[in-house]
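The values are calculated or read from the model by the stated rules, or taken from the named source; none is laboratory data. These numbers were taken from a predicted model, which means no experiment stands behind them. Methodologically, a virtual Cβ is constructed for each residue, glycine included, from the backbone with ideal geometry; neighbour enumeration extends over all protein chains shown. Quick note on the areas: whole protein, heavy atoms, side chains included, nothing else; ligands and nucleic acids left out. Shrake-Rupley method; radii C 1.70, N 1.55, O 1.52, S 1.80 Å.
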Amino acid sequence: MRTVRAISGLWRWRHNPLRRATDLAEAWVALVALLLILFVAPVIGTVVGGVAQDGLQRSVRDQHQSRHLVTATVIRKLDRSPLDADPETSSARDLRTRVLAGWTAPDGTEHSGPVMASLKSPQQGDHFAIWTDQHGKLVPRPLDSATATTHAVIAGFGAALATAGLVEAGRRLIVWRMVRRRYARWDQAWDRAGPDWGRTGTGS
């Protein structure tokens, strides 16, 4: 890794008479970048993951309080739609059929409407579970705690990687600018030496 090589050069260049100020500066930049990647990036990842975990678990609690699992009854099967899963290629978990169903909301009101039922061959009177709000409106399945934790871990890991990437990008940018200035100084030195280049006795 270029950063590690630059850091190892920090010790070698300490008393080397050929060292340049830019050599030491580049090594110090690499050392600071490595320390940031090793210590700051994990802290940021942990903080982001913790904040995400708190927010997602709060969302889990709110969803489980506001969403209710109720039993729906098939009234009749509806014609297939593009949203219906292909029974030849779908697993039992993914297989859903569009039906007209009726259900009773937690507040006691009666509802009916088209629903995607987890039934392979629904018949009138068949029962299946759906998620609704307090007033019987269909809602998605609430987020579970394990999935929320997984999302939080991914968020924290992503934040740590993003921080490390930004630090490395910053290091590369700084080193690139240092190299450009070094080359510019070399060009200036060659320009100054140019008129006397090749003359006999120059510098004597």
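Just a few scattered comments:
- Scanning region 154-182 for residues that are of a type in the set (G, A, S), surrounded by 14 or more Cβ atoms within 10 Å (Cβ to Cβ) and more than 14 Å from V48 (Cβ to Cβ) gives a single hit, G170.
- Top-ranked residue in region 72-84 [being loosely packed, with under 13 Cβ neighbours inside 10 Å and not acidic (D, E); ranked as nearest to A159 (Cα to Cα)]: L83
- Going through (1) in contact (Cβ under 8 Å) with a residue 12 or more places away in the chain; (2) part of a helix (DSSP H, G or I) one by one, T150 falls short only on (1).
- Of the residues V167, V99, V153, the single one that is more than 25 Å from L56 (Cβ to Cβ) and in contact with a helix residue (DSSP H, G or I) (Cβ under 9 Å, 6 or more places away or on another chain) is V167.
- Among residues of region 50-71, those that are buried (at least 17 other Cβ atoms within 10 Å of the Cβ) and among the basic types (K, R), counted: 1
- Per-region count, region 93-112, residues touching a strand residue (DSSP E or B) at 6+ places or on another chain (Cβ under 8 Å) and surrounded by fewer than 14 Cβ atoms within 10 Å (Cβ to Cβ): 3
Okay, residues lined up against (1) assigned to a helix (DSSP H, G or I); (2) at pLDDT below 95; (3) of a type in the set (F, W, Y):
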site: R5; (1), (2), (3): yes, yes, no
site: I37; (1), (2), (3): yes, yes, no
site: V48; (1), (2), (3): yes, no, no
site: D79; (1), (2), (3): no, yes, no
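- With respect to the conditions (1) closer than 30 Å to I44 by Cβ; (2) modelled with pLDDT of 90 or more, W131 lacks only one, and its number is (1).
- Contacts under 6 angstrom Cβ, first residue in region 118-136 being in contact (Cβ under 8 Å) with a residue 60 or more places away in the chain and open to solvent by less than 70 Å² (accessible area, probe 1.4 Å), partner in a loop (DSSP other than H, G, I, E, B) and among the charged types (D, E, K, R), 6 or more apart: W131/R67; W131/R141
- When A146, A162 are screened for being out of contact with any Pro (no Cβ under 7 Å at 6 or more places or on another chain) and within 26 Å of S66 (Cα to Cα), only A146 passes.
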